[in-house]
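See below for the structure under consideration.
The values are calculated or read from the model by the stated rules, or taken from the named source; none is laboratory data. Model, not experiment: these values are computed from the prediction. Every residue, glycine as well, gets a Cβ built from its backbone with ideal geometry; the counts of neighbours run over all protein chains shown. Surface areas here come from the heavy atoms of the whole protein model, side chains and all, with no ligands, DNA or RNA. Shrake-Rupley method; radii C 1.70, N 1.55, O 1.52, S 1.80 Å.
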Amino acid sequence: MGFLKRLFAGDPRQDLERALAELDKGEARRALDYGRRAMRQATGVDKERATTVVAQAREALAAGALEKAGLAIESDYFDDAAEWLRGALEHVDDPAQRQELEQRLKAVEIRAREIEDEAYQLPELDNELATELDPDVHYQALVGMLVEDAADLYANLPQAFRGAYVDLNEGRVEQALAALDDLVAAGDDNPATRFERGRCLLLMGDGERAVADFEAVWEGLGDQPLDLSGELSVPGLWAEAMLIRGEANPVLDRLADLGDPSAGRPTLSSCFARALIAVGDLEQARSFLASAASRFGSHPEFSFLLASVLAQLGDPAAAADCLEIAIAPSCVSGQCAKPPKHLPSIRLLTALYLEAGSQDRRVMQLLKLVTEELGGHLTSEDYELLAKHHQLVGEPEAAELAATEARRLRDDPGATRPGALALPRGLGQTKRAAL
């Protein structure tokens, strides 16, 4: 948008050099961002070079998207394949290629709908029959979400552990912790018991005890995820506990290989990135996060962290560009569908524009997205952003109302308040405007 060009005007030659460097590193998305920015401002030979870089970056992005679409099709993930094909189409201009891709996309979409229609639909339960799951059935259902080796380990554990495991997964953390403490005190040396107790302790913010439990079972349970989703692993939870303790350097040492984006472990890459930020190594964090954001496109946390680092490095233009691109798939023409909105990214983008003194309507659109996502029940951070907006547009009374509400929510975090208070004029009442 023209606003970005005016607000963040930079050196086109510097942007071009950055684009070339990112392209050499295989970071096509970053190369495209810098190349487009250079194109908007460069002239003569520099503009021609920027145009070439943009074309090369788009070609690389299209090729990458097509490769991932092919892998998704091979795995029968036709919805994912369709998303990747749409992404490839964004970077293809040749009419013949576009026609071929559109036909392929149509076939994939048809297959995705067929699979959805074939999916088994559970009948609706009569209200009189809708009861809580039997504890043993519930336990077995939870164990079914584990990888085979872990499921075997959990299969024949005592009833006390089973009850604690169900409690933990149902959010009754304190109750689960008490039962697991009793088991450990009684001499239960099954690694699953210490692992699950470590999860409880981590959820309760006791990083020190959690670290001890995870380190005690690391060798026995290994490095790999224990669940089918790939979220639960000893190194991942250990790293979270270490970061809670404020000890980032051990995380960098032990996750140097496991957390590399090439390993395909986004949870561990996230821990490694946050450890880099914690020790203040922002340049390495920037490079690492650019790679992770490219590798794990469906995980918005990486773009959010990358933008945070870019802002700290004094490049708010790149930070804003990064976030705009990250939220674009879920926020087209002001309407957000899937993937879901990542509120931290939207808030950070809003803050960047406000700090730059923006009164552009994009700020109002972003504030509206947050308001709609939260059903009007805003947080103290959201009211602080509203207060800054009102100050910038010359509405001091509304700014004071929003600031007062922010203070109230900070003092009473459990309180909520519908977001109609001190909203910018028309926010939440008008139709969505096209970007």
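When restricted to residues that are farther than 17 Å from Ala155 by Cα, part of a helix (DSSP H, G or I) and more than 29 Å from the chain's Cα centre (by Cα), the stretch 184-199 contains 2.
Taking first residues from the stretch 282-301 that are over 22 Å from Ala69 (Cα atoms) and touching a residue at least 12 places away in the same chain (Cβ under 8 Å) and partners that are open to solvent by 40 Å² or more (accessible area, probe 1.4 Å) and not hydroxyl-bearing (Ser, Thr, Tyr), the Cβ contacts under 6 Å between residues at least 6 apart in sequence or on separate chains come to Leu282/Gln312; Leu282/Leu313; Ala285/Ile277. Under the condition of being in contact with a Cys (Cβ under 7 Å, 6 or more places away or on another chain) and of a type outside the set (A, V, I, L, M, F, W, C), which residue from the stretch 195-242 is most open to solvent (accessible area, probe 1.4 Å)? Top of the filtered list is Glu240. Total residues in the stretch 277-330 satisfying the condition of being part of a helix (DSSP H, G or I), touching a Pro at 6+ places or on another chain (Cβ under 7 Å) and open to solvent by 10 Å² or more (accessible area, probe 1.4 Å): the figure is 5. Exactly one residue out of Ala31, Ala81, Ala38 is surrounded by 14 or more Cβ atoms within 10 Å (Cβ to Cβ), aliphatic (A, V, I, L, M), more than 23 Å from the chain's Cα centre (by Cα) and part of a helix (DSSP H, G or I): that is Ala38.
When the stretch 243-261 is filtered for residues that are outside any helix (DSSP H, G or I), of a type outside the set (Gly, Ala, Ser) and either open to solvent by less than 30 Å² (accessible area, probe 1.4 Å) or in contact with a Gly (Cβ under 6 Å, 6 or more places away or on another chain) (or both), the ones remaining, listed by number, are Arg245, Leu255. The condition (being open to solvent by 50 Å² or more (accessible area, probe 1.4 Å) and at pLDDT 95 or above) is satisfied by just one residue among Asp189, Asp182, Asp152: Asp182. Whenever a residue of the stretch 89-110 is on the phi < 0 side of the Ramachandran plot, its partners that are β-branched (Val, Ile, Thr) and surrounded by 12 or more Cβ atoms within 10 Å (Cβ to Cβ), lying with C-beta atoms within less than 8 angstrom and at least six residues away or across chains, give the pairs Arg98/Val92; Leu101/Val92; Val108/Ile73.
Can you name every residue in the stretch 65-78 that is modelled with pLDDT under 85 and part of a helix (DSSP H, G or I)? Ala65, Lys68, Ala69, Gly70, Leu71, Ala72, Ile73, Glu74, Phe78, listed by residue number.
Annotation note: Cβ proximity below 6 Å between a residue of the stretch 374-398 that is under 13 Å from Val363 (Cβ atoms) and a residue that is polar (S, T, N, Q) and open to solvent by less than 30 Å² (accessible area, probe 1.4 Å) (sequence gap 6+ or interchain) occurs for Leu385/Thr350.
Whenever a residue of the stretch 1-29 is of a type in the set (Phe, Trp, Tyr), its partners that are surrounded by 13 or more Cβ atoms within 10 Å (Cβ to Cβ) and at pLDDT 80 or above, lying with C-beta atoms within less than 6 angstrom and at least six residues away or across chains, give the pairs Phe8/Ala317. For the stretch 45-59, a residue qualifies if it is open to solvent by less than 50 Å² (accessible area, probe 1.4 Å) and either more than 21 Å from Leu323 (Cα to Cα) or β-branched (Val, Ile, Thr) (or both), and the qualifying residues are Asp46, Ala50, Val53, Val54.
Restricted to the stretch 85-101, and to residues there that are exposed (fewer than 13 other Cβ atoms within 10 Å of the Cβ) and out of contact with any Lys or Arg (no Cβ under 9 Å at 6 or more places or on another chain), the residue that is nearest to Arg36 (Cα to Cα) is Asp94.
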